[in-house]
Structure formats: structure tokens, C-alpha cells
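K.L.:
Got a structure for you, questions after.
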Amino acid sequence: MKRAIRYLRFSQLGQSNGSIERQELYTDQWIKFNNVQLVDTFIDRGHSARTFDRPDFKKLHEFILRHHKSVDYLLVDQLDRFSRDAGEAISMVKKLQKKYNIQIVSVTEGITFDYETPGSFFRAGLQLLLAEEDNINRSIKVKGGIYTAKAKEGRFIFKIAPFGYKKVGERKERSLVVEESEAKIVRFIFDAYLRNVPLYKIKEDAYRLGFDRKGNMAIERVLSNPVYAGLLYVEPYKNYPGGYFPAIHEPIIDMLTWQMVQSKMKKPEKTRTVIDNEIPLRGILKCHCGNSLSGAASRGKSGKYFYYYKCRFSKHNNISAVKAHDQFLGACELMSLPEAKVKQLRNDCEAALEIEMDDRGKRLKTKKQELEDVQEKLFAVEEKWIRNEINKDTYDRWYANYNHAILNLQGAIERLSDDHSHKFHVLNKHLDLTTDMKYVYTKANTLQKREFINLVFDNNLYYQEGIYRTPTMMELFAHNSLLMKERGFLIYEKKRDNHTIIPLSGERGIRTPGPLTVNGFQDRRIRPLCHLSGRKIR
């Protein structure tokens, strides 16, 4: 009595298990009609036939290696269940017959593959080629549909929504809607990255806030995802261009922020800076040669540890952390604002916040009106559908468009309705602290200290010949710059007239021109204080 094994497969987990039941039914009929004994069955669920890299097909192959002498047939419902790659399939069935003397049988197509019978070989090869052609056509249609959905309609088509969004609606009408509790974490990640917070610290803080995506590159994936800026990346399709296309969902961050982050991520990665509370300036304070100073502890004869800031060139800076910190605190003390300036700042800030609140109110009113207009349009479409004035395809298209717009407008209204009056309270509570900047810096944590230095000095704080030096400093805090220089704390020189001053480059101090103008990243960070102080940004 002949013996057979069979292989059953369906490619999409969303398909009905009836696909497997049907294949079992047809192969059972063939087994009964031909009086063949079934030895074993192998089933792959949710695996494509493009390759043979499938779990149960591997088990099938292992079974054949061990028991091929007791097997005569390998049954499939159709040859495309076996494989949709004609070349690989022909090679495999030839190997099964010539090496193991096992014949492939396609029960519904009525083909028993025999390499030595020309008609059988031709029919099997033709069926496999037709299956591959069908696969190619299906792939083209899928790619065309994806391109249309993303590039033309601006729809996010993936099953899982990115962190910060949720999917609402039914199947093809599903759209992304901002999940505000998660969106706050996304905004924190982007903002912290632009503030030069180390990635490992961003990850720690994000998980503490509720970020739940796993993986070593989870934060980088968020930072590089165009979805958060209201964009979709689309692969080229035939003669149609690829690239970034506007999406219909509401963005979580503005376009400028996303572009700034992408530009920053393209720059070569620097050595990872580990935050240490004993040496908060490590990695942001620079040597006169232009290299960032590292920091480490040195053990003295008494066993006590002393911290130092060091340049990688041994003949350059090697500064006691205690001395460096005392000097900087002296500079901070002279940065303190007089009470008259604080009063002016308070008035300017309150005026700016009033303008912002008024603008939010106007935008909220506009969004509410837009929502009413879209809802009326949707109602009109429904009326036409009820009166049979439009067909179902037209109704579905307009319903999807209007429904997307309604969801986005509702999200915008919800955020614009948030109470921001607490900003006035925060302003009044903390603005007086600027009269004692030494206290502000001392009470700040390490990350806040680093952010303060990058903000005030535009990432251009150097150390040379026993004193801090900078070509860029916020004018708001530079009113005592002459006293800072006189007391040996900080030299602030706007113009590079003296070329013996930073930055230099190389161990021998070979000068190289460096960018001293404020770039896009610093512009964004110094804009709030410049705006609040009533000064224009250069």
C-alpha cells in the first residue's frame, strides 16, 4: 500500500481556517480514491509561499530526511500551496523525486509531478509560473494601493498606531487620533533631545513618564518617525516619486522641530556622556582647542577623591572641578538681574502670555466653526445617500474624508480648551529668583545645570588660561560682563578680533575657523527668553 504525507498552508492569519479545512477535504478524497495511507500532515498558518523558510515546511523536510524510504507521495491541494516561486519550486520537486523518490501530487489540479514525463513536467511548470505571475500581480496591486492610500489620501495604513496615537473607526475608515497622555511624552522626547539631554537619560525619564515601547532603539525610532510631524514616508511606485507626503492625521510636534531633530541626528555621534553630579560640566565645557572636556576623579594620598576636568591633549587643560565650579558660581552671581529689570520682564511676559491666550481663544473659535461646517457637510452627504442621489462608493469616499476631518478637529479643540492659566502662576512664582542666579544654578539638578549653560552660552563655553571664555552669551545676563572679567570668572568677547582666543584645533593649537553664529537649534532654545525680555534675536 502506497504511503503519503501532505502539506497544507494559508498565507494570511486573517483568512478563515476554512481554507485549511477545504484543503484537508480535497486531499482526504484523493487519499481515499487512490487507496493511499496518510502518514503525517504538516500545516503552515499565516506564512507566505515566496520562500521555503516556513516552520512546518522545515519539519516536513526533516521528516523526509529520516523517513523518505517509507513515503511515496507529498500531497498538496494546489501547487501554489507548495510554493509561488517557480524556480525554487521546480528545483525542490526535482530534488524530492530524484534524491528521495517522492512524487509531488496537486490533488485539485490533477497533476502528479514526474520529472521523467514531459507532459507532467510541462503542466507542473506552467502551474507554478501562473502561481508566481498571480503573486506578482497581487504584489503590484498591493503596492499601488499602499501608495495611493499614503501619498494621495494621506492615510496611515499600518495595523498598530505609533506611540502617542490611537486608531479609531472601522477598517478602511480608521484614522489616527492623538492620545494626549502619550503625546506629552513624545513632545518631551523631542524637546529633551534638542536640549542635548543624553539619549540614555531621555530613555530613563520617558519610561518613568509611561513610555512603553521596548528595544534599544525605541527612542531613536520615535525621533525619526515622520508621523509625529503629520507626514508619511512613501516608497516610490513605478514612475511615481517617493518621499514624505502630508498626512490627514493631526501632528504632535511642529514641522520645524521635526526637521531640526532630523538634522541633528544626521551629525556624527559624539562619545556618550554619562551624567555625573560631581562634574556637571563634563562634555559641555570645552577646551580652548575646541574639544569637549572629559571629567574623572583622582585619588589623593589621604584616600579622598578629587575631581578634574581634562582635555584629551595632555598639555592642555587639567582643571580642578572645585576651582571651575567656584569660578562659575561667581559668574552666576554677577548674572543676577536687578529688580527693575525683573519688573520689566514680568510685565513683558504677562503681556506675551495674554497675547498667547487670546490667540488660543481665536483658534479655538475657528476650529469649532470648522467642526460645525464639516458636520453639516457630512449630514448633507448622508441625506443624499438616503435619497439615492449618490452611489455607495461616493458616499463611502466622502464619509471617510469628513470623518477624518471631524476626528482631527475634535482633537484640536480638546487641546486648545486646556486651561493654561497656570503659566501666570509659574511666572509670578519663579521670576523673582532671577535676582539670585547663583541660587538658581546651585538648586538646579545636573541636567538643568547643563541646559542652563547651553542656553545662556549657546553651546560655546570654553576654558583657557585659568578663566572661562565665550563669544556668545545671552544679553539678558551679560550686563556685568566687565566685572566678570575683572574678577577672573568669565571673559565675554562678542567679536573675534583677538585670534589667540578660542577656538583652536589640534594638539599644537592650529587654528581652524568655527561657526560662531547661532544655528537653528540654539535659535529655538534662546527664543523664549529673548522674547520675554523684549529683545530681538539676531
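The values are calculated or read from the model by the stated rules, or taken from the named source; none is laboratory data. All figures in this text were calculated on a predicted structure; none of them were measured in a lab. Every residue, glycine among them, receives a Cβ derived from its backbone with ideal geometry; neighbour counts consider all protein chains shown.
K.L.:
If you go through region 132-140 one residue at a time, do you hit one that is modelled with pLDDT of 75 or more, part of a helix (DSSP H, G or I), farther than 27 Å from P246 by Cα and not β-branched (V, I, T)?
P.N.:
No, because not a single residue in region 132-140 is modelled with pLDDT of 75 or more, part of a helix (DSSP H, G or I), farther than 27 Å from P246 by Cα and not β-branched (V, I, T).
K.L.:
Determine whether R66 is at pLDDT below 85 and either basic (K, R) or within 19 Å of K99 (Cβ to Cβ) (or both). Walk me through how you get there before you give the answer.
P.N.:
Working: at pLDDT below 85: no; either basic (K, R) or within 19 Å of K99 (Cβ to Cβ) (or both): yes.
So R66 does not fit the description; no.
K.L.:
Still on this model: Considering only residues that are surrounded by 15 or more Cβ atoms within 10 Å (Cβ to Cβ) and hydrophobic (A, V, I, L, M, F, W, C), which ones fall in region 330-351?
P.N.:
A331, C332, L334, M335, L337, V342, L345, C349
K.L.:
Go through region 222-281 and count every residue that is polar (S, T, N, Q), surrounded by fewer than 17 Cβ atoms within 10 Å (Cβ to Cβ) and farther than 30 Å from I413 by Cα.
P.N.:
Number satisfying all stated conditions: 4.
For (1) outside the structural domain of Y200 (by TED's automatic domain parsing); (2) in a loop (DSSP other than H, G, I, E, B), each residue gets a yes or a no:
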position: L223; (1), (2): no, no
position: E250; (1), (2): no, yes
position: V261; (1), (2): no, no
position: D276; (1), (2): yes, yes
position: P280; (1), (2): yes, yes
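K.L.:
Working only within region 386-402, note down all residues that are modelled with pLDDT under 85 and touching a helix residue (DSSP H, G or I) at 6+ places or on another chain (Cβ under 6 Å). Show your work before the answer.
P.N.:
Step one: of region 386-402, the residues modelled with pLDDT under 85 are 392-402.
Y395, W398, A400, Y402, listed by residue number.
K.L.:
So is E376 more than 34 Å from the chain's Cα centre (by Cα) and either modelled with pLDDT under 90 or in the same structural domain as Y402 (by TED's automatic domain parsing) (or both) or not? Reasoning before the result, please.
P.N.:
Values: more than 34 Å from the chain's Cα centre (by Cα): yes; either modelled with pLDDT under 90 or in the same structural domain as Y402 (by TED's automatic domain parsing) (or both): yes.
Yes.
K.L.:
Starting from region 35-47, keep only residues that are closer than 18 Å to F63 by Cα and among the acidic types (D, E), then list their pairs with residues that are surrounded by 18 or more Cβ atoms within 10 Å (Cβ to Cβ) and modelled with pLDDT of 90 or more whose Cβ atoms are within a distance under 7 Å, requiring at least 6 positions of separation or different chains.
P.N.:
As it stands, the answer is D40/I5, since those pairs meet every condition given.
K.L.:
Moving to a separate point now. With (1) closer than 30 Å to G169 by Cβ; (2) surrounded by fewer than 19 Cβ atoms within 10 Å (Cβ to Cβ); (3) among the small types (G, A, S) as the list, and A444 as the residue in question, which single condition is left unmet?
P.N.:
Every listed condition holds for A444 apart from (1).
K.L.:
Just to be sure I understand the filter: pairs with C-beta atoms under 7 Å, separated by 6 or more residues or on different chains, first member in region 346-359 and in a helix (DSSP H, G or I) and at pLDDT 85 or above, second member of a type in the set (S, T, N, Q) and surrounded by 15 or more Cβ atoms within 10 Å (Cβ to Cβ). Which pairs pass?
P.N.:
Sorted first by the residue in region 346-359, then by its partner, the pairs are D348/S533.
K.L.:
Go through the residues of region 312-329 one by one and say whether even a single one is touching a Lys or Arg at 6+ places or on another chain (Cβ under 8 Å), in a helix (DSSP H, G or I) and under 30 Å from G283 (Cα atoms).
P.N.:
Yes; the residues of region 312-329 include at least one that is touching a Lys or Arg at 6+ places or on another chain (Cβ under 8 Å), in a helix (DSSP H, G or I) and under 30 Å from G283 (Cα atoms).
K.L.:
Moving on. Looking at region 18-29, can you tell me whether even one residue there is over 17 Å from V107 (Cα atoms), at pLDDT below 85 and part of a helix (DSSP H, G or I)?
P.N.:
yes
K.L.:
Restricting to region 316-329, what's the tally of residues that are surrounded by fewer than 20 Cβ atoms within 10 Å (Cβ to Cβ) and in contact with a Cys (Cβ under 7 Å, 6 or more places away or on another chain)?
P.N.:
1
K.L.:
Restricting attention to region 208-221, report how many residues are out of contact with any helix residue (DSSP H, G or I) (no Cβ under 6 Å at 6 or more places or on another chain), touching a residue at least 24 places away in the same chain (Cβ under 8 Å) and part of a helix (DSSP H, G or I).
P.N.:
1
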